[in-house]
Amino acid sequence: KYDYENYLTTLLLPKDSRDSVFAIRAFNVEILRIKDIISQPESGKMRMEFWKNAIELIYKNESPQQPIALELMKAKGKSKLSKMWFNRILNERKRRLDDLPYHNLEELEAYSENTISSLLYLILESLGVRCSHADHAASHIGKAYGIVILLRAIPFHCKQKKVYLPNDILIKHAVSHEDVIRSRISNAIKDVTYEIASLANSHLETARLIRSHIPKIARAGFLCSAFMTCHCQLGDMASLQLLKHYNVDSETDI
């Protein structure tokens, strides 16, 4: 329901790893949704603290009686998953509960590395892969995926009157938050989305360069990159998404 693309890619993984990956992805969705369902940051911090404690208990073989936590304990026992990746995801998601825009591209990359790349490291472990080349690829693919998710979500965020695009890029191209929210499509906003999408494409290209050094089984864990390729090839993909969402001509100023 909340992560259909990755549900489909998980079905294509080896059967003996599938349950572990489903548990990891369910954990990620559970943590990700916290920001969407809370009204105050403090309640979000309490939910994050629950999961922080749950991970500690899981690694003491004392999982709380919560369905996802129970599945994670099975996955941990089966695949020797590293606790630090779970904690890194939790710490970064908790830090972003303030719901503020990214200050710059580097902050967006760091967020993507600490969340999505960490998720990919766990998936690699569930596949039995311990390989520096695979980890290197996971780092770049995670960053690319985080950037693409941000761009794809622009129409959704606009409905909520929110803008998360990096402020340094908006300032560079003289685009205001109001321009984005009101879908004032211009060459400037296309330049913003093109620059951000180009960074995602650069990370994907770096991952492709080391493809030959990655174990075949590890590539199955990177199937999410298939969804990103077409998006990154359209440098102004987010502008096109806005146009489609608002059903306006590219020169129309709303």
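The values are calculated or read from the model by the stated rules, or taken from the named source; none is laboratory data. Note that the structure is a prediction, hence the values are computed from the model and not measured. Please note: Cβ atoms are built from the backbone with ideal geometry, for glycine as well, and neighbour counts cover all protein chains shown. For the accessible areas, the whole protein counts, side chains as well, though only heavy atoms, and no ligand, DNA or RNA atoms are used. Shrake-Rupley method; radii C 1.70, N 1.55, O 1.52, S 1.80 Å.
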Return the residue satisfying two criteria in turn: it lies in the range 124-150 and is part of a helix (DSSP H, G or I) and among the β-branched types (Val, Ile, Thr), and of such residues it is most open to solvent (accessible area, probe 1.4 Å). 149
Residue 73 being open to solvent by 40 Å² or more (accessible area, probe 1.4 Å) and of a type outside the set (Asp, Glu): yes
For the range 105-123, check the following and say yes or no: at least one residue is outside any loop (DSSP other than H, G, I, E, B), open to solvent by less than 70 Å² (accessible area, probe 1.4 Å) and without any contact (Cβ under 8 Å) to a residue 24 or more places away in the chain. yes
I'd like to know if the range 36-48 contains one or more residues that are of a type in the set (Lys, Arg), open to solvent by less than 70 Å² (accessible area, probe 1.4 Å) and under 26 Å from residue 98 (Cβ atoms). no
Of all residues in the range 76-98 being of a type in the set (Gly, Ala, Ser) and in contact (Cβ under 8 Å) with a residue 40 or more places away in the chain, which is least open to solvent (accessible area, probe 1.4 Å)? 79
